[in-house]
Amino acid sequence: MIVLLGVLVVVLGFATRRNPLLVVGAAGIVTGLLGGLSPQRVLAAFGTGFASSRTVTIFVITLPVIGLLERYGLQEQARRLIARFGALTTGRFLALYLLLRQLTAALGIKDVLGHAQTVRPLAAPMAEGAAERRHGPLTDRTREKIRSFAASADNVGLFFGEDVFLAVGSILLITGFVNTSYHTHLEPLSLALWAIPTALCALAVHGWRLLRLDRELALTTAGTTRETVEGAVK
């Protein structure tokens, strides 16, 4: 059981807001040493894991491309595009993004959308543009709130949508573990079908929260405007 102290390292590292890469690396080293591995074998395990999952480092290529696009006006163009759709509010736009994210994840196309390639350069600026068109200039606090809701739409859509896809890693892991450990025959399709009601509930609950964001923005903007007017009168 002492090997589980590596989990404690992860909990303490995230609780104290340390660098996630350093926390996970330290937890791996602690777990390996407590498990009786030599430093050479721990290092070899890190190397094997990195070599077998090189696709994780694909962000090294995508991030410079997104940075160049943002430098040359990608976010400004996104705000101008959303300004052409008068009926599309911030909440409605994010609800549509949630639906799109969940559908693509359910079809196994989970890498098309995401935080780095879609939320930061496109979805969040478009949501802010919709709010600016309806409520005028936004405060920094309001912008951060809209960005957090944009990120949550991506997280919820991906998390609950990918389980509907029967070839996702989590489904295969569950079926493999259950079939091997309990000598049963659990089909991935069965798990995927049972994930559909949960995905629909997540879509309804978080979609309602996103639509309610429009009312919250209206109240926040009205309060800010009132305070500004009262300050100017005084």
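Which of the numbered conditions does T225 fail, given that it passes all the others? Conditions: (1) open to solvent by 50 Å² or more (accessible area, probe 1.4 Å); (2) modelled with pLDDT of 90 or more.
(2)
If you go through the stretch 86-98, how many residues are open to solvent by 70 Å² or more (accessible area, probe 1.4 Å) and in contact (Cβ under 8 Å) with a residue 40 or more places away in the chain?
Result for the stretch 86-98: 1.
Just for the stretch 133-144: of the residues that are within 22 Å of G207 (Cα to Cα) and crowded, with 18+ Cβ neighbours inside 10 Å, which one is nearest to the chain's Cα centre (by Cα)?
Step by step, filter the stretch 133-144, then rank; the result is T142.
If you go through the stretch 72-96, how many residues are charged (D, E, K, R), within 14 Å of L122 (Cβ to Cβ) and at pLDDT 75 or above?
0
Tell me, which residue of the stretch 6-28 that is open to solvent by 80 Å² or more (accessible area, probe 1.4 Å) and in a helix (DSSP H, G or I) is farthest from G49 (Cα to Cα)?
L12
Only one of V119, V205, V112, V168 is surrounded by fewer than 18 Cβ atoms within 10 Å (Cβ to Cβ), closer than 30 Å to P64 by Cα and of a type in the set (A, V, I, L, M, F, W, C). Can you tell me which?
Just a single option satisfies the conditions, and that option is V112.
For R41, only one of the following conditions fails: (1) open to solvent by less than 90 Å² (accessible area, probe 1.4 Å); (2) more than 27 Å from the chain's Cα centre (by Cα); (3) at pLDDT 85 or above; (4) under 21 Å from I2 (Cβ atoms). What is its number?
The number of the failed condition is (1).
Quick check: is even one residue across the stretch 173-185 among the aliphatic types (A, V, I, L, M) and buried (at least 20 other Cβ atoms within 10 Å of the Cβ)?
Looking through the stretch 173-185, none of the residues is among the aliphatic types (A, V, I, L, M) and buried (at least 20 other Cβ atoms within 10 Å of the Cβ).
Out of curiosity, is E187 without any contact (Cβ under 8 Å) to a residue 24 or more places away in the chain and of a type in the set (D, E)?
Answer is yes for this residue.
The values are calculated or read from the model by the stated rules, or taken from the named source; none is laboratory data. Everything numeric in this text was worked out from a predicted model, so none of it was measured. Here Cβ is always computed from backbone atoms with ideal geometry, including for glycine, and neighbour counts include all displayed protein chains. SASA here: full protein model, heavy atoms, side chains in, ligands and nucleic acids out. Shrake-Rupley method; radii C 1.70, N 1.55, O 1.52, S 1.80 Å.
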